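Submitted below is the structure of interest, expressed as structure tokens.
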Amino acid sequence: MNEQHIASAFDRDLEAIQAQIMKMGGLVENAILEAAISLETRDEERAEVVREGDKAIDALEELINEEAARVIALRAPTASDLRLVLSVIKVSANLERIGDYAKNLAKRTGVLSQMEPVSGSGGSLRRMTKEVEGMLKDVLDAYVARDAELAQDVIDRDIQVDQMYNALFREFLTFMMEDPTNITACMHLHFIAKNIERMGDHVTSIAEQVVYLVTGAIPDESRPKGDKTSLPS
């Protein structure tokens, strides 16, 4: 009976922590969406809401870490249970970083609103952001359902984000070479594109945690990366 009680208490603790993970995930999803809209519409007030909202995401990560540490100390979980608790810490860390990148996007809104728009860049960045939004939604669903197949699909889709980034990188280089007055705006836009690409990497890290939770094996680290911009020619 005592062992049953301990197991039941552990399950309740874990459910509470995972509920916080989903709440954090919802805040991060919204931050990405709002940051993208604020950039596209040059809405500085909307961008400010995103920047302020990042504090709630940070606070949730801290709470999740504290609760996970408490569970480990009090329940002494073993094997798969410990793996589950540790995965919560890693997932929350990745969500926090994605939130930071969304905040960085919002920070650029004020700067770019003072500059002439670069033709086509708004739509391209929005498509890239939408892809990451979809990946994040799916990976959170995969985490709840313990769906390794859906998580692997998210991992595979990251290359599409990388390819979008590569295309934008080349596009911005062309704009800068054709008209030097575009250099400052394009540098900011490149920073934004790189932040979105890094969001995709962190979503992929969450997906890898889901696969690990379900199968006990970390996905192959040699997965292809579509971001070739830092490689020598």
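Rule-based calculations on the coordinates, nothing more; no lab input. All values derive from a computational prediction rather than experimental measurement. Every residue, glycine as well, gets a Cβ built from its backbone with ideal geometry; the counts of neighbours run over all protein chains shown.
Just grab the label-to-label distance for Ile218 and Asn166, each label 7 Å out from Cα along the Cβ direction, in nm (one decimal).
My value for the distance between the label points is 2.5 nm.
In whole percent, what relative contact order does the chain give with Cα contacts below 8 Å and a gap of six or more residues? If you can, show how the numbers build up before the last one.
Details: 271 pairs, mean separation 56.7, N = 233.
Once divided by the residue count of the chain, the mean separation gives 24 percent.
Over all distinct Cα pairs, what is the inverse of the mean 1/r for segment 1-138, reported as the Kirkwood hydrodynamic radius in Å?
16.6
Let me ask something additional. Between Glu48 and Leu173, what's the calculated FRET efficiency when r is the beta-carbon distance and R0 is 25 Å? Round to 0.05.
According to the calculation, E is roughly 0.20.
Over segment 155-200, what per residue volume does the convex hull of the Cα atoms give, in whole Å³?
Per-residue hull volume (Cα only) is 38 Å³.
Roughly how big is segment 1-125's charge dipole about its Cα centre, with Cβ charges of +1 (Lys, Arg) and -1 (Asp, Glu), in debye to the nearest 20?
The calculation lands at about 260 debye.
Sticking with this structure for a sec: Over segment 21-92, what relative contact order in percent results from Cα pairs under 8 Å that are six or more residues apart?
So the answer I get is 34 percent.
Further, regarding this structure: Largest first and to the nearest Å, give the Cα extent of segment 1-71 along each principal axis.
Computed over the Cα atoms, the extents are 60, 16, 11 Å.
Got the relative contact order for segment 153-226 handy, in percent, Cα pairs under 8 Å and 6 or more residues apart?
Once normalised by length, the contact order is 43 percent.
Could you give the nm distance between label points at Val144 and Arg12, where each point is 7 Å from its Cα heading toward the beta carbon?
Once both label points are built, they end up 2.3 nm from each other.
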